[in-house]
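Peer 1: Sharing a structure below in structure tokens format, with a few things to ask.
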């Protein structure tokens, strides 16, 4: 069974829950990447970079 089939079997609430979990994971992964690339920036500036990345890709 592939991922699409598994998601189709889940109810709407569970699919939404999975989407939120995935979104949170991607956000955390992106923030950690920014922290590695820009360790000299303050936390505030790192979060601003994260906002830019999420907004513009």
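The values are calculated or read from the model by the stated rules, or taken from the named source; none is laboratory data. Since the structure is predicted, the reported quantities are computational estimates derived from the model, not experimental observations. We place every Cβ from the backbone using ideal geometry, glycine too, and count neighbours over all the protein chains shown.
Peer 1: Mind listing whichever residues of segment 7-25 are surrounded by 11 or more Cβ atoms within 10 Å (Cβ to Cβ) and part of a helix (DSSP H, G or I)?
Peer 2: Across segment 7-25, the qualifying residues are 7, 14, 15, 16, 17, 18, 19, 23.
Peer 1: Please name all residue pairs, on different chains or six or more residues apart, with Cβ atoms under 6 Å, provided the first residue is in segment 39-57 and is surrounded by 14 or more Cβ atoms within 10 Å (Cβ to Cβ) and the second residue is at pLDDT below 95 and part of a loop (DSSP other than H, G, I, E, B).
Peer 2: Partner pairs satisfying both residue conditions: none exist.
Peer 1: Also: Tell me which residues, restricted to segment 26-57, are at pLDDT below 95, on the phi < 0 side of the Ramachandran plot and assigned to a loop (DSSP other than H, G, I, E, B).
Peer 2: none
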